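K.L.:
Can you read through this structure? Questions will come right after.
No value in this document is a laboratory result; all are computed from the given coordinates. Everything numeric here is computed off the predicted structure, so don't read it as measured data. Note that each Cβ is placed from the backbone with ideal geometry, even for glycine, and that neighbours are counted across all protein chains shown.
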Amino acid sequence: MTRRPSPTAVIALGWLAGSIPFSNIAARIRAGVDLRDVGGGTVSGTALLGVAGFGPLAVAGVCDIAKGAVGPVLAGRDRPMLAATATVAAVAGHNWSPWLGGAGGRGISVAMGSLLVQGWPGTVVLASGLAAGRLCRQTGLGGFVADVALVPVLARTRGRAGLLAGVGVAGVMLAKRLAGNRPPTRPGIEVYLHRLLYDRDPGAEGTTA
């Protein structure tokens with residue numbers, strides 16, 4: 001009988017995989033740019049697209065989706081609560097990467113990869129929100145709507161494990177939208193509300209990833 005990784009190892013490896021900043025690595029290799037210095041400082045696929053083009057974006061996007069699946073795959077289908085916890089850990093690792101001094105993206109691609117294993121309806125919700133946001137040129141708002149919808153959808157389709165994954169993932173992603181990678185120049189309720197809804201400061205350009 002093959003020995004499976006312990007819950008601690010699953011969560012730790014899920015977080016570690018999630019923390020690898022593929023978009024920033026691709027930006028440095030192809031354009032010599034640190035995405036933390038671009039626009040609003042979000043280490044995102046859209047920021048990568050702007051500095052390096054579609055090819056590096058496609059590669060980094062696949063890597064981000066794949067790294068999100070590491071924890072849930074290690075957990076296995078018979079440990080759904082562990083898989084849900086590993087999903088949250090992967091998104092948190094991406095959003096606050098230790099390799100970027102706590103900076104990061106917003107976790108959508110990572111969450112999509114994790115939920116593809118843990119609860120595929122969540123991947124559909126996030127992909128739909130991202131696609132609708134891009135069509136309307138409001139990816140931040142599309143991501144916000146998807147985050148809010150994630151909890152009831154996963155709770156309905158995946159029970160307690162889905163509820164845990166939905167609350168955890170949505171909570172981590174919304175927290176990162178509020179915190180950003182930089183403190184606001186003029187803190188205030190309106191600024192944080194704008195960040196929450198649009199994932200950027202008023203007057204700034206920014207998108208999710």
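K.L.:
Extending each Cα 7 Å along its Cβ direction at Leu193 and Thr157, get the distance between those two points in nm, one decimal.
P.N.:
For Leu193 paired with Thr157, the spin-label model returns 3.2 nm.
K.L.:
Among Asp147, Asp34, what is the fewest-to-most ranking by other Cβ atoms within 10 Å?
P.N.:
Details: Asp147 26, Asp34 15.
Result, fewest neighbours first: Asp34, Asp147.
K.L.:
Take peptides 65-78, 5-18 and line them up by average Cβ neighbours within 10 Å, highest first, as a rough protection proxy. Each step should come with its number before you reach the end.
P.N.:
Values: 65-78: 21.4, 5-18: 18.9.
Per-residue Cβ counts within 10 Å, averaged per peptide and sorted highest first, yield 65-78, 5-18.
K.L.:
In a shell of Cβ-Cβ distance under 15 Å around Leu174, excluding Leu174 itself, what net charge do Lys and Arg (+1) and Asp and Glu (-1) give? Please report the intermediate quantities before stating the final value.
P.N.:
Values: positive: Arg106, Lys176, Arg177, Arg195, Arg200; negative: Asp147, Asp199.
Once all neighbours under 15 Å are counted, the net charge is +3.
K.L.:
Would you work out the relative contact order for the stretch 1-114, in percent, from Cα pairs under 8 angstrom that are 6 or more residues apart? Walk me through the numbers before you get to the answer.
P.N.:
Details: 213 pairs, mean separation 40.7, N = 114.
Relative contact order here is 36 percent.
K.L.:
Related question: Which listed residue (Ala111, Val73, Gly41) has the Cα farthest towards the positive end of the charge dipole for the chain, taking +1 on Lys and Arg C-beta and -1 on Asp and Glu C-beta about the Cα centre?
P.N.:
Among Ala111, Val73, Gly41, the one farthest towards the positive end of the dipole of the chain is Val73.
K.L.:
Under a plain spin-label model, where a point goes 7 Å from the Cα along Cα-to-Cβ, how far apart in nm are Ala31 and Arg4?
P.N.:
Label-label distance for Ala31 and Arg4, simple model: 4.2 nm.
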